[in-house]
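A.B. asks: A single structure is presented below for examination.
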Amino acid sequence: MSLLTRHLPTNRPALVLAPMQDITDLPFWRVIHHYGDPDLYYTEYFRVHVDSRPERHILRSIDENPSGQPVIAQMIGQDIPALVRTAIALQKHNVVGIDLNLGCPAPIVCRKNAGGGLLRHPEQIDAILAALRPVISIAFTVKTRIGYDSPDEFDRLLEIFTRHPIDALTVHGRTVREMYKPVLHYDRIKQAVAAMPCPVFANGNVLDIPQAEHSLAVTGAAGLMLGRGVIRNPWLFRQLRAHHAGEPVPHPTRRELREYIDRLYRETWLPEYQDHDHVAKMKKYLNYVGLGLDADDAFLRDMRLARLPEDFFAVCDKHLLRDDVAFAPNI
């Protein structure tokens, strides 16, 4: 039996917060805790190489976890001794599992044969999994894309994953080359569900309840890992729970979305920030919040011009306080 199973709900699909570097950090966890926790948090990835040590600011997410919900620490790298050393070190903290990132598509990461770049080297993945499993006494999970260049590569990758006793597999249904294009290969996630003896989480293209229902229905996944959808709509975990339980689903308004942005601004502020630095950081979140907010992308267009806090909040007020309707009508 998977070592992760006891940390997952038994009466509905699991809801998992995706790791997004420099986005889903401790301040964001605090915000999500206010609106509705996932069943499982994944940390941002710990960069692992010959001279690395676990980054303190990511360790704080574990040690100061505001929710009490279980946490999995994610690693990214390709040096086996360093990965082993880091996995051992991370188990000294309050985590229920260690995850290996095989999905990050960032070119700078792939050039180092880490993250999604490792998908070009299945034999190295095989060796890494073989080395890590014996030193991880808690759950050992993998987050992967379905290939580097082609979805056809997933057959070979899945053959490797099934040979190792991992406790969960998260499948982002795109190749590295596809980045975040609209296409999602649900058939490959379904293939993993059929082949793996452990829970499989579907990742990608879930911004609302209908998309969540579709992903679960066509893949048979044990749960959903959500990233961009939760940044856009921090009520999403709560909405999905209510929907599954047959309870009334909350429909937040644009005014409540404006309050979410206020809370996010307060939580992510650091004393060393200059005003323009903080606005720049907030834009990383607002790029997701603005998805589908208006048909002509006027909110995002205006937001890109904001440099100072007064400009930033003026844009928010202009677009979010003009009426009090639901901001996500598809929910």
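The values are calculated or read from the model by the stated rules, or taken from the named source; none is laboratory data. Here the structure is a predicted model, which means the values were calculated and not measured. Glycine also receives a Cβ, built like all others from the backbone with ideal geometry; neighbour counts cover every protein chain displayed.
A.B. asks: Of the residues Pro9, Pro19, only one is out of contact with any helix residue (DSSP H, G or I) (no Cβ under 7 Å at 6 or more places or on another chain), in a loop (DSSP other than H, G, I, E, B) and surrounded by 23 or more Cβ atoms within 10 Å (Cβ to Cβ); which? Spell out the reasoning first.
C.D. replies: Working: Pro9 fails: surrounded by 23 or more Cβ atoms within 10 Å (Cβ to Cβ).
Matching residue, one of Pro9, Pro19: Pro19.
A.B. asks: When you scan the range 293-309, how many residues do you find that are surrounded by fewer than 16 Cβ atoms within 10 Å (Cβ to Cβ) and out of contact with any Asp or Glu (no Cβ under 9 Å at 6 or more places or on another chain)?
C.D. replies: 7
A.B. asks: Moving on. Tally time: how many residues in the range 92-102 are out of contact with any Phe, Trp or Tyr (no Cβ under 9 Å at 6 or more places or on another chain) and under 24 Å from Val171 (Cα atoms)?
C.D. replies: 3
A.B. asks: If you don't mind, there's one more thing I want to ask. Here are Ala82, Ala14, Ala89: which of them is under 16 Å from the mean Cα position of the chain (by Cα), modelled with pLDDT of 95 or more and of a type in the set (Gly, Ala, Ser)? Walk me through it before giving the result.
C.D. replies: Numbers: Ala82 fails: under 16 Å from the mean Cα position of the chain (by Cα); Ala89 fails: under 16 Å from the mean Cα position of the chain (by Cα).
Unique residue meeting the criteria: Ala14.
A.B. asks: Condition test on Leu216, is it surrounded by fewer than 24 Cβ atoms within 10 Å (Cβ to Cβ), in contact (Cβ under 8 Å) with a residue 24 or more places away in the chain and assigned by TED's automatic domain parsing to the domain that holds Leu17?
C.D. replies: yes
A.B. asks: Sticking with this one: Could you list, in sequence order, all residues of the range 90-117 that are buried (at least 18 other Cβ atoms within 10 Å of the Cβ) and either among the hydroxyl-bearing types (Ser, Thr, Tyr) or part of a helix (DSSP H, G or I) (or both)? Working first, answer last.
C.D. replies: The first filter runs over the range 90-117 and keeps only residues buried (at least 18 other Cβ atoms within 10 Å of the Cβ), leaving 90, 95-105, 109-110, 114-117.
Result: Leu90, Val109, Cys110, Gly115, Gly116, Gly117.
A.B. asks: Just one of the numbered conditions (1) aliphatic (A, V, I, L, M); (2) closer than 23 Å to His7 by Cα; (3) surrounded by 15 or more Cβ atoms within 10 Å (Cβ to Cβ) is not true of Leu184; which one?
C.D. replies: (2)
Rundown of residues vs (1) within 16 Å of Ile146 (Cβ to Cβ); (2) β-branched (Val, Ile, Thr); (3) out of contact with any Cys (no Cβ under 6 Å at 6 or more places or on another chain); (4) in contact (Cβ under 8 Å) with a residue 12 or more places away in the chain, yes/no style:
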| position | (1), (2), (3), (4) |
| --- | --- |
| Gln91 | no, no, yes, yes |
| Val96 | no, yes, yes, yes |
| Gly103 | yes, no, yes, yes |
| Pro107 | no, no, yes, no |
| Gly115 | yes, no, no, yes |
| Leu119 | yes, no, yes, yes |
| Gln124 | no, no, yes, yes |
| Leu129 | no, no, yes, yes |
| Leu132 | no, no, yes, yes |
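A.B. asks: What is the residue count in the range 64-89 for residues that are in contact with a Ser or Thr (Cβ under 8 Å, 6 or more places away or on another chain) and either surrounded by fewer than 18 Cβ atoms within 10 Å (Cβ to Cβ) or in a helix (DSSP H, G or I) (or both)?
C.D. replies: 2
A.B. asks: Turning to a different aspect of this structure: Looking for something acidic (Asp, Glu), touching a residue at least 40 places away in the same chain (Cβ under 8 Å) and surrounded by 18 or more Cβ atoms within 10 Å (Cβ to Cβ) - is there at least one such residue anywhere in the range 162-173?
C.D. replies: yes
A.B. asks: Oh, and also: Mind checking which residues of the range 250-272 are β-branched (Val, Ile, Thr) and more than 22 Å from the chain's Cα centre (by Cα)?
C.D. replies: Of everything in the range 250-272, just one residue is β-branched (Val, Ile, Thr) and more than 22 Å from the chain's Cα centre (by Cα), namely Thr253.
A.B. asks: Going by what's in this entry, would Val279 be described as in contact with an Asp or Glu (Cβ under 8 Å, 6 or more places away or on another chain), of a type in the set (Val, Ile, Thr) and without any contact (Cβ under 8 Å) to a residue 24 or more places away in the chain?
C.D. replies: On the way: in contact with an Asp or Glu (Cβ under 8 Å, 6 or more places away or on another chain): yes; of a type in the set (Val, Ile, Thr): yes; without any contact (Cβ under 8 Å) to a residue 24 or more places away in the chain: no.
No; evaluated as a whole, the condition is false for this residue.
A.B. asks: From the list Pro54, Pro70, Pro9, Pro19, which one is in the same structural domain as His172 (by TED's automatic domain parsing), farther than 16 Å from Asp99 by Cα and not charged (D, E, K, R)? Spell out how you get there, then give the answer.
C.D. replies: Numbers: Pro54 fails: farther than 16 Å from Asp99 by Cα; Pro70 fails: farther than 16 Å from Asp99 by Cα; Pro19 fails: farther than 16 Å from Asp99 by Cα.
Of the residues listed, the single one that is in the same structural domain as His172 (by TED's automatic domain parsing), farther than 16 Å from Asp99 by Cα and not charged (D, E, K, R) is Pro9.
A.B. asks: Among the numbered criteria (1) crowded, with 20+ Cβ neighbours inside 10 Å; (2) assigned by TED's automatic domain parsing to the domain that holds Arg301; (3) among the aromatic types (Phe, Trp, Tyr), which one does Tyr288 miss?
C.D. replies: Of (1) crowded, with 20+ Cβ neighbours inside 10 Å; (2) assigned by TED's automatic domain parsing to the domain that holds Arg301; (3) among the aromatic types (Phe, Trp, Tyr), only one is false for Tyr288: (1).
A.B. asks: So Ala192 ticks every box in (1) under 22 Å from Ile166 (Cα atoms); (2) touching a residue at least 40 places away in the same chain (Cβ under 8 Å) but one. Which box is left unticked?
C.D. replies: (2)
A.B. asks: Let me confirm something: among Val193, Val135, which residue is among the β-branched types (Val, Ile, Thr) and within 21 Å of the chain's Cα centre (by Cα)?
C.D. replies: Val193
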